[in-house]
Every structure is written in structure tokens, then in C-alpha cells.
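Q: I'd like to ask you about the structure that follows.
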Amino acid sequence: METPQIIDYWSNIFTPDGLRKMYLENDELGSIVKWWNMNERLTGYHPEEFVEMMDSRGIAKVYVPAFKMWSYRKRAPLLSVEVDAIADIMRRTSGRVGGLFGIDLTAGMKGVAELEFAVRELGFEGAHLHSLGYGLPLNHRDIYPYYAKCAELGIPIVVQSGHSAERMPSAMGQPILLDDVALYFPELKIVASHMGWPWVEELIALAWKHPNLYIGCGAHAPKYWDPKLIQFMNTRRGRGKVLWGTVFPVLTHEDSLRQVEELGLKPESRDALLFEAAAKVFGTGQVKQ
């Protein structure tokens with residue numbers, strides 16, 4: 001068997017219990033299940049079954065966030081995937097699943113300390129931020145302590161960029177906000193997820209400008225990707241700046257990978273998209289002593 005050469009930078013928790021709590025028992029997120037035709041994808045996998053699926057698709061590693069989402073309408077927690085649940089999956093999959101610490105922007109410095117503990121003691125390899133429900137733009141001062149801690153620890157941060165499918169202010173995720181962050185923290189690797197859609201070209205310009213800013217394609221089926229993004233990742237300047245992901249169960253790994261093969265990418269660009277860019281972003285995510 002060939003060595004797996006694919007990395008998914010963001011897949012949501014995939015266990016039956018985790019998916020039930022995230023979607024089927026969640027009033028706000030449950031409403032999008034039918035809209036996105038997700039019912040058939042919510043049966044889930046036990047960790048050992050998920051690794052078997054990964055092996056069958058040539059996937060070396062998947063990163064799963066301890067997702068924290070805030071309800072903009074209710075001003076209350078909307079989604080909270082516990083750190084311990086992700087840590088258990090990490091243990092049961094022998095390093096094939098990496099953890100991303102989910103940032104709760106109401107936690108203040110206590111949350112910063114919890115981020116450090118998750119990385120240093122539990123082996124989490126990055127952080128994850130969904131700021132839109134908090135009503136805070138990606139360059140807000142309340143987020144800077146988390147950016148600073150990620151930079152200090154030498155781990156990347158995956159941020160939701162672009163619009164929100166949920167009832168949240170999409171302007172909080174407009175890619176241009178990351179210009180400030182990338183300038184202030186040149187040592188911090190930032191993955192702007194969801195292609196920044198509908199501001200795809202804006203995010204391309206930022207990724208072209210900043211060596212530390214990357215584009216994540218999760219949650220958008222490759223057959224719908226903006227032609228400008230495909231052109232960018234096929235160029236020398238854009239190759240290695242775009243990461244493949246699913247945000248499972250929004251997309252299945254099987255469907256997304258099949259559609260990637262139909263994009264007509266140069267072989268070197270395909271390899272960079274599916275493996276090399278993520279290996280670069282997360283490969284340096286060793287905790288600084």
C-alpha cells in the first residue's frame with residue numbers, strides 16, 4: 001500500500017454521538033441539515049472506522065476542532081465540542097486525527113491558558129476560530145491574545161472566513177480583516193477557511209501578499225470552486241498556498257476527492273493542494289519550549 005499523501009485541514013467531529021449533538025439536537029444548526037442534504041451523512045463513524053475510511057481514500061491525517069460557536073441571535077453558546085472528546089479521538093486513532101483547540105471568545109485569558117494546556121499537555125496541533133457568532137471581526141482586539149499565544153506556541157490557527165451560512169453577520173469574516181493580523185503576526189500561520197467566499201479574489205490577493213496566510217477550501221465542493229482560485233493554485237506563486245478540506249459532514253471525503261481529480265490541476269499543484277501545503281502549515285506546529 002502506498003503511503004497516504006492527503007491531509008484534511010478541517011473535518012468536524014465524526015462520531016455518531018458528536019454528530020447527533022452538533023446537528024440533530026441543535027435548533028439552529030439542525031435547520032440546515034435538510035437544506036444541505038446532510039441527513040445521509042450524519043450516521044457517523046467510530047474512531048477506528050474513520051481510520052479505515054481514511055486508509056481507503058489515501059488520507060494520512062485529518063484535523064478536527066473542539067468547535068466553539070456562539071449564537072448571534074441568542075447571545076449564548078450555540079455549539080461546544082469538548083476538548084476531552086477530541087483528545088479521546090486523538091488517542092484512539094494513534095495520531096491520524098489531530099486536534100484543533102476551539103476558541104471561546106467569551107473566556108478571556110482563561111481561554112488562552114486552556115489553549116496552552118491543550119497544546120502542551122494534550123497534544124493539540126493548532127487552534128480554530130469561528131468569530132462571526134460573537135459579532136467580532138477577525139482583527140478585533142479581543143482575539144489578539146489568542147493569536148499571540150498561537151504564535152508563541154508555534155501552532156497554526158484555522159479561522160472561518162467569508163460569509164456565514166448561519167444567521168450571523170458575515171462581515172465579521174471578510175478576508176481583508178486578516179491583513180491586519182498577518183502584518184502584526186508574520187510568524188503566525190493562518191488558514192482562512194471556506195475560501196473567503198464570496199470574497200474569494202480578495203483572499204487570493206492576501207494569500208499572494210502574505211507568506212504566512214493560506215487559503216482553506218473546506219465546506220465548498222470542488223466542482224463549485226471559483227475559476228480564479230483554481231488558476232491561482234495552478235501557478236508557481238499560488239502552489240502550496242491552498243489547503244484541501246471537507247468540513248465533514250458538509251462534504252464527504254469521497255465526493256470531494258473525486259471532484260478534485262476532475263479539476264484538471266497540474267500534478268504538482270494537485271499534490272500541493274492535497275498534502276504539501278497542509279504538511280508545511282502543520283509540520284512546523286511543534287510546541288516551542
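Q: Please give, to one decimal in nm, the separation of the simple spin-label points placed at E201 and Q231, each 7 Å out from Cα toward the Cβ.
A: 0.9 nm
Q: Another one. Based on DSSP H runs of at least 4 residues, each adding -39500 (n - 2.57), what is the mean residue ellipticity at 222 nm of the chain after dividing by all its residues, to the nearest 500 deg cm²/dmol? Mind dumping the intermediate values first?
A: Details: 12 runs with 103 residues, N = 289.
Result for the chain: -10000 deg cm²/dmol, rounded to the nearest 500.
Q: Treat each spin label as a single point 7 Å out from the Cα along the C-beta direction, and report the N37 to Y224 distance in nm.
A: Spacing of the two 7 Å Cα→Cβ label points: 1.1 nm.
Q: Provide the percentage of antiparallel DSSP beta bridges, counting only those with both residues in segment 151-289; round to the nearest 5.
A: Counting only bridges with both partners in segment 151-289, antiparallel ones make up about 0 percent.
Q: Still on this model: Restricting to Cα pairs below 8 Å that are 6+ residues apart, what does the relative contact order work out to for the chain? Please round to a whole percent. Each step should come with its number before you reach the end.
A: Working: 565 pairs, mean separation 53.6, N = 289.
Reported relative contact order: 19 percent.
Q: Take every DSSP beta bridge whose two residues both sit in segment 62-113, then give the antiparallel share in percent to the nearest 5.
A: On the way: 4 of 8 bridges.
Antiparallel bridges make up about 50 percent of those DSSP assigns within segment 62-113.
Q: Another one. Using DSSP to define loop residues, name the trypsin sites (Lys or Arg not before Pro) in segment 21-63 whose beta-carbon has at most 15 other beta-carbon atoms within 10 Å. Walk me through the intermediate numbers first.
A: Details: sites: K21, K34, R41, R57, K61; in loops: none.
Those that pass, being in a loop and sparsely packed, number zero.
Q: For segment 106-191, which GluC sites (Glu not before Pro) are both in a DSSP coil and crowded by at most 13 other Cβ atoms within 10 Å?
A: E121, E187
Q: Say each of T106 and R258 gets a label point 7 Å from the Cα, pointing the same way as Cα to Cβ; how far apart are those two points in nm?
A: Placing both labels 7 Å beyond Cα along the Cβ direction yields 4.2 nm.
Q: Give, rounded to the nearest 20 debye, the magnitude of the charge dipole that segment 6-283 has about its Cα centre when Lys and Arg contribute +1 at Cβ and Asp and Glu contribute -1 at Cβ. Please report the intermediate quantities before stating the final value.
A: Values: 30 positive and 34 negative charges, 113 e Å.
I would put it at about 540 debye.
Q: Anyone know which of I32, I103, I89 comes out most mobile in the 10 Å Cα GNM of the chain?
A: Ranking I32, I103, I89 by mean-square fluctuation puts I32 first.
Q: Oh, and also: Got a sec? How would L105, L153, L42 order by Cβ neighbour count within 10 Å, fewest to most?
A: Lowest count first: L42, L105, L153.
Q: To continue, here is another question. Near V260, within a Cβ-to-Cβ distance under 13 Å, what is the net charge of the other residues, with Lys and Arg +1 and Asp and Glu -1? The partial results should precede the final answer.
A: Numbers: positive: R57, K223, R258, K266, R270; negative: D8, E254, D255, E261, E262, D271.
After counting each charged neighbour, the total is -1.
Q: Now for a separate question. Report, for the chain, the % of DSSP beta bridges that are antiparallel, rounded to 5.
A: Here the antiparallel bridges make up roughly 15 percent for the chain.
Q: Kindly state, to the nearest 0.05, the FRET efficiency for S80 paired with E121, given R0 = 25 Å and r defined as their beta-carbon distance.
A: On the way: r = 20 Å, r/R0 = 0.79.
Calculated transfer efficiency: 0.80.
FYI, it's all coordinate maths here, none of it is from the lab. What you see is a predicted model, and the numbers here were worked out from it, not measured in a lab. Every residue, glycine as well, gets a Cβ built from its backbone with ideal geometry; the counts of neighbours run over all protein chains shown.
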